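Novice: Dropping the structure in here first, questions after.
The values are calculated or read from the model by the stated rules, or taken from the named source; none is laboratory data. All values derive from a computational prediction rather than experimental measurement. All Cβ positions, glycine included, derive from the backbone under ideal geometry; neighbour counts span all protein chains shown.
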Amino acid sequence: MTRRSDGRIRGAFRLLHPVLQKVLARYGYIRLTEIQEKVIPEVLRGNHVLAIAPTGSGKTEAALFPVFSSLIGARPGSVYAVYITPLRSLNRDIFKRMKSIAAAIGLELVVRHGDSTASEKKRFLENPPHIMVTTPESFYFLLSVDRFRQSIRGLKYIIVDEAHELVSDKRGAELSLAIERVARLYARSRLQIIGLSATVSDPFTIARLLAGDRYVRIVEADGAKRYHVTVTAPPASTSGDPQRELASRIAIIKRIIEGTGGNVLVFTNTRDTAEVLGALLKQALGENAVEVHHGSLSRERRVDVEQRLRSGEVKAVVATSSLELGIDVGAVSRVIQYMSPRQVVKLVQRVGRAGHRVSDVSRGVIVAAGNVFDVLESAVIAARAMRGNLEKFCYPRKPYDVLVHQIAGMLVELGETSINTIYNVVSASGYYRELSLDELRQVLSYMEAAGLARVRGHRVRLGPATKSYYFTVTMIPDTKQYNVYEVGTGRKIGVLDEEFVATLEPGSKFVLGGQTWEVVNVEEAGVRVRQTKEERLIPPAWEGDLIPVEYSVAREIGSVLRRYERLGSSVLGLYPLDPNARRLVDETLSRHISRGLPLPSDRRVVIEHYGDTFIIYSMLGSRGNKALEYVISAYISEIKGYSPVTASTPYIVAVRLASREHAGFMEKVLRSIASLPRDEVEKLLHKAVLGSRLFQWIMLHVAVRSGAVRRSRDIDIKRVKSVIQKLRDTLLGIEAYREIETRKIDSRILLKFLEDLRRGRIELAVVSLRTPSPLAEHALAEARLGDRVVSNSIPSTVLVEAVKRRIESKEILLLCLMCGNVWRRQLKHLENEVKCPRCAARLVYPALSQDRINMARRLLEKRRRGSRLSPQEKKALNEVMESANLVLSYGKKAVEALVSTGIGAQTARRVLQKLVFGEDAFYRAIVEAEANYHRYKHRLEKGSRKGRASGAM
């Protein structure tokens, strides 16, 4: 307890300022958590600290209370502490929880990030708060403002929340460099760095990345958080039927939600799955019982969902990683993970949202697919979570694109500096400890060539393009999604992520919704496909947006299969499988063995052969198997003269050759590769990666982040190859390859596997079959699944709901044609009868952009003055008036139609006439009109290209 029975304060609270002690008592802080007792003294001593504890341990208070205590009485006008979180929503949450406590002790705490209004930004600079809460990007962009740099001269503390989330990618590297810039160039006194992290396997690495060479006290909570996770799955009888399986999973989730006393979070791995799953659960549980939360939704929508969950207005929220971190959503009784979370750290973070207090047991359920690999993966991850076996995380090493951006930032701030100053700042970062001065000079040479810097001897100055580049680039991944349409009908088949689309070209085949599709064309409007029949196995290629499964998880699944073969189903009792899930695994594996087929394992590689197709069960995890896939492809290309069709999952590598081969062919390939010298294997891997479409895509993104290619909303896929040809052998090509090494492949796992194969530590077994084995059916199905709920496996009513939700999330501008008033609304909040808030007129023109509003106002003004209009202007003015008349007649529904893609007033009128058949017919008409627009646009572009080609001839 904080107070003894005699009223005297004890514990870490007694170290805090008496004024703060009184305020905290008023706010109900009667007992300190274990992590607070440990961290507060360390911060007050001035130590750099990394606090590691599960969600709900009170890490925020552990960092801020001693900072508050030390700042009591500080003069206004300076920023003394910066609290950095990876998400704006976390900023809001911290602000809401801590603002009143700070104010009660005379300190001002302010949120400052990209969503801040112009007036808030101005007020912030004119009257800097004692403490600011911000994101990494807002923090380092603010450094370019002289007034802000002056305000942080007295900066004493930098607190980094969710450090484990930031340090694993390039955002973390950028933040590290920004911290060193502040510490070495602007802050007059010593900076104290405080990191807050969830439980991780390697805290020393996080401390080094966060604080460089500084000595950091790592403080961990002793009492490990307790988790209880079970794995369930649809009945085995539904396996192989996507619609029955989906219906079964929805029924399972509904049953869990209804049987849980409190609120429930349902996590998915992708945003489109969250949307469709949310729509299905709304049908099952009621419209107001379920909401959806992910990063693509507007800030207002996310805040509303968070508040309604806290208040108990909604029973369940379907979310992605947007609710994975420490946003306050109130008490959560249970977490449901929809299909495998792919990583132990992901599951721990998500399930940790239930039973939010440290003493509570966090309870979760993984609802796996009806697939033996998804079930086993889920079971192993759940068991490892309860045992505390977390994966080690990967992080980028001295990334060049980040370095280019941060040097540009220094030049924007300083105008000119020396190479030595840049090197001293950069090499202090934990990410750049191994950066050589020669490498820095190469980076500066590139920047000079790109117009981002001028290098004169030992001095570096601003370049002509430095400012425009610096303020338009961040390291936040910006992933676009592409709709998939069937050629002819225009029917939407599903959604693919940008990175997967980058691997496609005309003629590529992939599986979506249980059907095989052939790519006809890839364009900005979407991917055009036609259905195809394919008798042979098609190796799966779904990998773009999936979280990688690490080697340790894949190897344990291999050990489960090895023990099952020896001991039978009793081994499954060691994992948290419910009867349905256990039965599915048991039936599949026993059926496989009953056919006389060997099971793959952590000590046995099985190669299944079907004519021209081989499936290699190598169990190396996502990045290990991707490296093996690339090397096999490169080796076969060398000996056969062509590249085979290949793909991989965490458990298999699938290879399809151009001709039939004997069963022993792939064994010979693997043994030949294993016998090669290490450097030859690395050359094969390097060659294969550089020739891959994945490399081309990542190369383009590195080029954008480095200023070699101008950033645009839609990066034209057709530009990729020309960019690659110019840049692949430069510094940027090296960085693109290293990014693939970090995110997609692991050469160390590959080399160890080949050594084990060469030394006979791994058994090789080859089977030649006419039809896929029971395990192969599941392996290929698991690869095609991709955590997706696709369009043709769900009811049309759900699709209509998803379209409606997408339209209503748009933010629009409205222009009153009577008084000229312009106002902004989210479509969701627009009244059915649209009226001007100033004059109540109903003749209103809607648009998505300010440019369209300005155009309408200009034309109306010309007509009012009696000025002559050109034919094009007359046509545009007629469109404005017709649109406004539709809003007058149909209200909000007209606005919804008019702001949909490619729908003008004439098409909108036809769409609105469908309202006589009900809302569903109206929204289906919008979908069809958008599809027709994309088809027409594609034909025009195709005709234009043909015209240019014939003109050239």
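Novice: Please go through the stretch 172-190 and pick out each residue that is buried (at least 21 other Cβ atoms within 10 Å of the Cβ) and either at pLDDT below 90 or closer than 19 Å to Pro128 by Cβ (or both).
Specialist: Ala178, Ile179, Arg181
Novice: Looking for something farther than 20 Å from His228 by Cβ, modelled with pLDDT under 75 and surrounded by fewer than 17 Cβ atoms within 10 Å (Cβ to Cβ) - is there at least one such residue anywhere in the stretch 313-320?
Specialist: no
Novice: Run down Tyr551, Tyr635, Tyr564, Tyr630 and say which single residue is without any contact (Cβ under 8 Å) to a residue 60 or more places away in the chain and under 17 Å from Leu750 (Cα atoms).
Specialist: Tyr635
Novice: Could you give every pair whose Cβ atoms fall below 6 Å, whose first residue belongs to the stretch 517-537 and is of a type in the set (Asp, Glu) and surrounded by fewer than 21 Cβ atoms within 10 Å (Cβ to Cβ), and whose second residue is part of a strand (DSSP E or B) and modelled with pLDDT of 80 or more, counting only separations of at least 6 or pairs across chains?
Specialist: Glu518/Arg530
Novice: Continuing with this model, one more query. Take the residues in the stretch 363-372 that are at pLDDT 85 or above and of a type outside the set (Lys, Arg), then tell me which one is nearest to Leu561 (Cα to Cα).
Specialist: Filtering first and then ranking leaves Val372.
Novice: Okay, moving on. Which pairs turn up if I take residues in the stretch 44-68 that are at positive phi and look for partners that are of a type in the set (A, V, I, L, M, F, W, C) with beta carbon separation below 7 Å, at least 6 apart in sequence or on another chain?
Specialist: Within 7 Å, the pairs are Gly56/Val358; Gly58/Ile35.
Novice: Val67 - would you say it is under 33 Å from the mean Cα position of the chain (by Cα) and modelled with pLDDT under 85?
Specialist: no
Novice: With (1) assigned to a loop (DSSP other than H, G, I, E, B); (2) buried (at least 18 other Cβ atoms within 10 Å of the Cβ); (3) not aliphatic (A, V, I, L, M) as the list, and Tyr630 as the residue in question, which single condition is left unmet?
Specialist: (1)
Novice: From Asp578, Asp602, which residue is modelled with pLDDT of 90 or more and under 26 Å from Thr742 (Cβ atoms)?
Specialist: From the options Asp578, Asp602, the qualifying one is Asp602.
Novice: Among residues belonging to the stretch 321-343 that are out of contact with any Leu (no Cβ under 8 Å at 6 or more places or on another chain) and modelled with pLDDT under 80, point out the one that is surrounded by the most Cβ atoms within 10 Å (Cβ to Cβ).
Specialist: Glu324
Novice: Here is a follow-up. Just to confirm my filter: which helices (runs of 4 or more DSSP H) fall fully inside the stretch 118-193 and include at least 2 residues that are basic (Lys, Arg) and over 23 Å from the mean Cα position of the chain (by Cα)?
Specialist: Helices (runs of 4 or more DSSP H) meeting the threshold: 118-126, 146-151.
Novice: Next question. Test of understanding: among Ile745, Ile740, which residue is assigned to a loop (DSSP other than H, G, I, E, B), crowded, with 20+ Cβ neighbours inside 10 Å and at pLDDT 85 or above? It would help to see each step written out before you state the result.
Specialist: Numbers: Ile740 fails: assigned to a loop (DSSP other than H, G, I, E, B).
Only one candidate qualifies: Ile745.
Novice: Under 8 Å between Cβ atoms, at least 6 apart or on separate chains: pull out the pairs that start in the stretch 336-357 with a residue that is under 13 Å from Glu550 (Cα atoms) and end on any residue that is aromatic (Phe, Trp, Tyr).
Specialist: From the stretch 336-357, the pairs are Pro341/Phe267; Val345/Phe393.
The rows are residues; the columns are (1) modelled with pLDDT of 95 or more; (2) in a loop (DSSP other than H, G, I, E, B).
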| position | (1), (2) |
| --- | --- |
| Gly355 | no, yes |
| Val358 | no, yes |
| Asp374 | no, no |
| Glu377 | yes, no |
| Glu413 | no, no |
| Ser429 | no, yes |
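Novice: Provide a single number: the residues in the stretch 283-303 that are acidic (Asp, Glu) and modelled with pLDDT of 80 or more.
Specialist: 2
Novice: Would the stretch 48-60 turn up any residue that is part of a helix (DSSP H, G or I) and closer than 14 Å to Leu109 by Cβ? If you could, list the steps in order and put the result at the bottom.
Specialist: Going residue by residue through the stretch 48-60, those that are part of a helix (DSSP H, G or I) are 59-60.
Imposing the further condition that a residue be closer than 14 Å to Leu109 by Cβ reduces the set to 60.
Among the residues of the stretch 48-60, at least one is part of a helix (DSSP H, G or I) and closer than 14 Å to Leu109 by Cβ, which makes the answer yes.
Novice: So, one more: Within the stretch 227-236, identify whether any single residue is in contact with a Ser or Thr (Cβ under 8 Å, 6 or more places away or on another chain) and polar (S, T, N, Q), and answer yes or no.
Specialist: no
Novice: Can you find, within the stretch 807-838, the residue that is modelled with the lowest pLDDT among those that are among the β-branched types (Val, Ile, Thr) and within 35 Å of the chain's Cα centre (by Cα)? Give the derivation first.
Specialist: From the stretch 807-838, those among the β-branched types (Val, Ile, Thr) are 807, 812, 822, 834; that's our starting set.
In the following step, the residues that additionally are within 35 Å of the chain's Cα centre (by Cα) were identified as 807, 812.
Details: Ile807: 82, Ile812: 91.
Filtering the stretch 807-838 for residues that are among the β-branched types (Val, Ile, Thr) and within 35 Å of the chain's Cα centre (by Cα), the one modelled with the lowest pLDDT comes out as Ile807.
Novice: Say we look at the stretch 862-892 and pick out the residues that are part of a helix (DSSP H, G or I) and touching a residue at least 40 places away in the same chain (Cβ under 8 Å); which of these is nearest to Asn832 (Cα to Cα)? Please lay out each step first, then the result.
Specialist: From the stretch 862-892, those part of a helix (DSSP H, G or I) are 862-865, 871-890, 892; that's our starting set.
Imposing the further condition that a residue be touching a residue at least 40 places away in the same chain (Cβ under 8 Å) reduces the set to 880-881, 884-885, 887-888, 892.
Numbers: Val880: 20, Met881: 20, Ala884: 15, Asn885: 15, Val887: 10, Leu888: 11, Lys892: 5 Å.
Going through the qualifying residues, I end up with Lys892.
Novice: May I ask you to list the residues in the stretch 893-925 that are in a helix (DSSP H, G or I), of a type outside the set (D, E, K, R), at pLDDT below 85 and under 22 Å from Tyr485 (Cα atoms)?
Specialist: Step one: list which residues in the stretch 893-925 are in a helix (DSSP H, G or I), which gives 893-898, 905-917, 919-925.
Of the ones still in play, those that are also of a type outside the set (D, E, K, R) are 894-895, 897-898, 905-908, 911-913, 915-917, 921-923, 925.
Going one step further and asking which of them are at pLDDT below 85, we end up with 913, 915-917, 921-923, 925.
Residues satisfying the conditions are Ala921, Phe922, Tyr923, Ala925.
Novice: Further question: Out of all the residues in the stretch 561-584, is one or more of a type in the set (Val, Ile, Thr) and under 34 Å from the mean Cα position of the chain (by Cα)?
Specialist: First pass over the stretch 561-584, keeping only residues of a type in the set (Val, Ile, Thr): 571.
If we keep only those that are under 34 Å from the mean Cα position of the chain (by Cα) too, we end up with none.
Taking every residue of the stretch 561-584 in turn, none turns out to be of a type in the set (Val, Ile, Thr) and under 34 Å from the mean Cα position of the chain (by Cα).
Novice: Still on this structure: Looking at (1) surrounded by fewer than 16 Cβ atoms within 10 Å (Cβ to Cβ); (2) touching a Ser or Thr at 6+ places or on another chain (Cβ under 7 Å); (3) of a type outside the set (Gly, Ala, Ser), which is the only condition Asn420 fails?
Specialist: Here Asn420 clears every test but (2).
Novice: Then there is this: How about the stretch 599-624: which of its residues are among the charged types (D, E, K, R), part of a strand (DSSP E or B) and surrounded by fewer than 24 Cβ atoms within 10 Å (Cβ to Cβ)?
Specialist: Correct list: Arg604 only.
Novice: Any residue at all in the stretch 54-62 that is at pLDDT 80 or above, of a type in the set (D, E, K, R) and crowded, with 20+ Cβ neighbours inside 10 Å?
Specialist: Scanning the stretch 54-62, I find at least one residue that is at pLDDT 80 or above, of a type in the set (D, E, K, R) and crowded, with 20+ Cβ neighbours inside 10 Å, so the answer is yes.
Novice: From the list Ala428, Ala369, Ala408, exactly one residue is in contact (Cβ under 8 Å) with a residue 12 or more places away in the chain, within 29 Å of Arg149 (Cβ to Cβ) and crowded, with 24+ Cβ neighbours inside 10 Å. Which is it?
Specialist: Going through Ala428, Ala369, Ala408 in turn, just one is in contact (Cβ under 8 Å) with a residue 12 or more places away in the chain, within 29 Å of Arg149 (Cβ to Cβ) and crowded, with 24+ Cβ neighbours inside 10 Å: Ala408.
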